[in-house]
Structure formats: structure tokens, C-alpha cells
């Protein structure tokens with residue numbers, strides 16, 4: 001009985017070892033494709049947002065204006081807010097990147113991704129590396145657990161200086177207010193788990209013009225002019 005269990009465990013370990021090559025392949029493919037695209041902004045939000053929802057329409061408008069500013073758009077490649085982001089990029093004739101992943105529900109690649117800028121991942125952590133490494137800003141629309149995961153991943157990496165500071169823009173003041181109030185009350189004031197400077201990483205806005213104003217001011221200070 002013991003030897004049978006041990007044999008099964010050894011097979012699991014062998015499979016884990018071989019998975020390293022698949023992980024490496026996803027990194028190599030992502031690095032090769034995304035390094036050629038130029039400066040981009042990642043847009044996150046719910047996959048469940050319908051095309052007639054105000055958040056979808058707002059996302060499309062924001063993506064168009066971001067492209068007009070000189071950036072490409074990176075999304076998670078799926079439906080909802082991701083589709084709206086790629087749709088806006090496509091309408092503005094800018095680079096439209098989709099980083100899709102296999103999920104048991106919700107995830108189907110949207111039709112607005114450039115053919116040569118569609119990447120598919122099996123591993124969430126590889127996908128998140130691509131979001132971080134090749135984005136000059138994060139625009140975070142209303143969303144669920146996945147959206148929160150991506151938001152706090154970015155905040156953690158910047159806070160710990162594992163990534164350079166770049167704009168993190170939350171769109172939808174009424175949606176994000178409760179989350180930010182909780183952070184200020186519980187994490188900052190009551191427990192001192194974060195500092196004031198950490199909260200300075202976040203901007204909360206309602207309109208496309210506010211998004212563009214933040215991006216413009218941030219990159220003007222750096223003397224950075226995106227172009228393709």
C-alpha cells in the first residue's frame with residue numbers, strides 16, 4: 001500500500017517537473033510578442049459586463065482616448081470590460097492586445113484583438129507578469145475577484161519596489177468608494193498596515209477626460225511621449 005502511494009507521488013513530482021517547460025514556453029512567447037508592441041495601458045474589469053451596460057460603454061470611450069494619446073491597450077482578452085477595452089482600441093486604430101486564459105466559465109476570446117497580438121495562457125501568474133511588465137498604467141473598471149486580484153497585485157509590487165511606480169486609476173467613484181474607505185479606516189488608521197504614501201498610488205475618477213489628464217501629467221513629468 002505504501003509503495004503504491006509512493007509511486008503515485010513520484011508521478012506527480014515528475015509531472016510538476018515537466019510543467020516547468022510549459023511555463024517557460026508561455027514566458028518566452030509572451031516576452032517575444034509583447035516586447036515588439038510599444039507602450040501600452042492595461043485595462044481590467046468584469047467579464048460579466050454586458051455591451052449595453054454604462055461601464056462597457058465608458059470603457060470603450062476610455063480606451064479610444066488612451067489610444068489617441070499614443071498608447072496601445074492590453075486586456076484580459078475575454079468578454080465584458082475586456083472586450084470593451086479592445087473594442088475601443090480597435091475603433092481608434094491602436095494596438096489591441098488580448099492576454100486570454102482558459103477558465104471553466106466566462107472566458108472566450110473577444111473579436112477585437114489584433115491577430116498578431118493574441119496570447120493564450122494556462123497559468124495566471126505568467127499572465128499577470130505580462131500585464132505588469134508591459135503596461136505603463138493600469139485602468140481598473142468595476143469588477144469582481146479577478147479585477148481585485150490584479151489591482152492588489154499591482155499595488156503590492158509597486159509598494160515593495162518590485163515594479164516601477166505608474167498610474168493606477170480606478171474608474172467609478174461610487175463603486176470604489178467603499179473599498180478605499182475600508183483601506184483608509186482599517187489598514188491605515190486602525191492598524192497602520194499601510195502608509196499614506198501607499199494610498200497616493202491610487203487615483204479615483206469618473207470620466208475619460210480625468211483618466212487622460214492623469215496619464216498626461218504623469219508622463220509629461222517624466223518627459224515620456226508614447227508613439228508607434
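Contact annotation: residue pairs with Cβ atoms under 9 Å, 6 or more positions apart or on different chains, pairing a residue in the range 213-227 that is at negative phi and modelled with pLDDT under 95 with a partner that is outside any helix (DSSP H, G or I) and surrounded by fewer than 11 Cβ atoms within 10 Å (Cβ to Cβ), are 219/225. One residue alone among 101, 73, 81 is surrounded by 17 or more Cβ atoms within 10 Å (Cβ to Cβ), over 23 Å from residue 214 (Cβ atoms) and in contact with a helix residue (DSSP H, G or I) (Cβ under 6 Å, 6 or more places away or on another chain), and that residue is 101. Touching a residue at least 12 places away in the same chain (Cβ under 8 Å), surrounded by 10 or more Cβ atoms within 10 Å (Cβ to Cβ) and part of a loop (DSSP other than H, G, I, E, B) - does that describe any residue in the range 173-192? No, because not a single residue in the range 173-192 is touching a residue at least 12 places away in the same chain (Cβ under 8 Å), surrounded by 10 or more Cβ atoms within 10 Å (Cβ to Cβ) and part of a loop (DSSP other than H, G, I, E, B). Every condition in (1) in contact with a helix residue (DSSP H, G or I) (Cβ under 8 Å, 6 or more places away or on another chain); (2) modelled with pLDDT of 95 or more holds for residue 190 except the one numbered (1). Enumerate the pairs (first residue in the range 50-77 and on the phi > 0 side of the Ramachandran plot and in contact (Cβ under 8 Å) with a residue 24 or more places away in the chain; second residue anywhere and part of a helix (DSSP H, G or I) and buried (at least 18 other Cβ atoms within 10 Å of the Cβ)) with beta-carbon separation below 8 Å, excluding pairs fewer than 6 apart on the same chain, so at least 6 apart or on different chains. Short answer, once both residue conditions are applied: 77/86.
Does any residue of the range 178-186 turn out to be at pLDDT 95 or above and in contact with a strand residue (DSSP E or B) (Cβ under 7 Å, 6 or more places away or on another chain)? Yes: one or more hits. Of all residue pairs spaced 6 or more apart or on separate chains, those with beta-carbon atoms under 8 Å, a first member in the range 149-163 that is on the phi < 0 side of the Ramachandran plot and in contact (Cβ under 8 Å) with a residue 24 or more places away in the chain and a second member that is crowded, with 19+ Cβ neighbours inside 10 Å and assigned to a loop (DSSP other than H, G, I, E, B) are 158/166. Going through (1) free of Cβ contacts under 8 Å to residues at least 24 places away in the same chain; (2) surrounded by 11 or more Cβ atoms within 10 Å (Cβ to Cβ) one by one, residue 167 falls short only on (1). Among the conditions (1) touching a strand residue (DSSP E or B) at 6+ places or on another chain (Cβ under 9 Å); (2) more than 25 Å from residue 61 (Cβ to Cβ), residue 161 misses just one, which is (1). Within the range 132-154, being touching a helix residue (DSSP H, G or I) at 6+ places or on another chain (Cβ under 7 Å) and part of a helix (DSSP H, G or I) holds for 132, 150, 153, 154.
Take the conditions under 19 Å from residue 85 (Cβ atoms) and either touching a helix residue (DSSP H, G or I) at 6+ places or on another chain (Cβ under 9 Å) or not in a helix (DSSP H, G or I) (or both) and apply them to residue 170. Does it pass? For residue 170, the condition - under 19 Å from residue 85 (Cβ atoms) and either touching a helix residue (DSSP H, G or I) at 6+ places or on another chain (Cβ under 9 Å) or not in a helix (DSSP H, G or I) (or both) - is met. When each of 49, 59 is tested for being farther than 28 Å from residue 23 by Cβ and in contact with a strand residue (DSSP E or B) (Cβ under 7 Å, 6 or more places away or on another chain), the lone residue that passes is 59. Applying the condition of being surrounded by 21 or more Cβ atoms within 10 Å (Cβ to Cβ) and closer than 19 Å to residue 219 by Cα to the range 138-164 and asking which residue is modelled with the lowest pLDDT yields 154.
The values are calculated or read from the model by the stated rules, or taken from the named source; none is laboratory data. Predicted model only: the values in this text are computed from it and were never measured. Every residue, glycine as well, gets a Cβ built from its backbone with ideal geometry; the counts of neighbours run over all protein chains shown.
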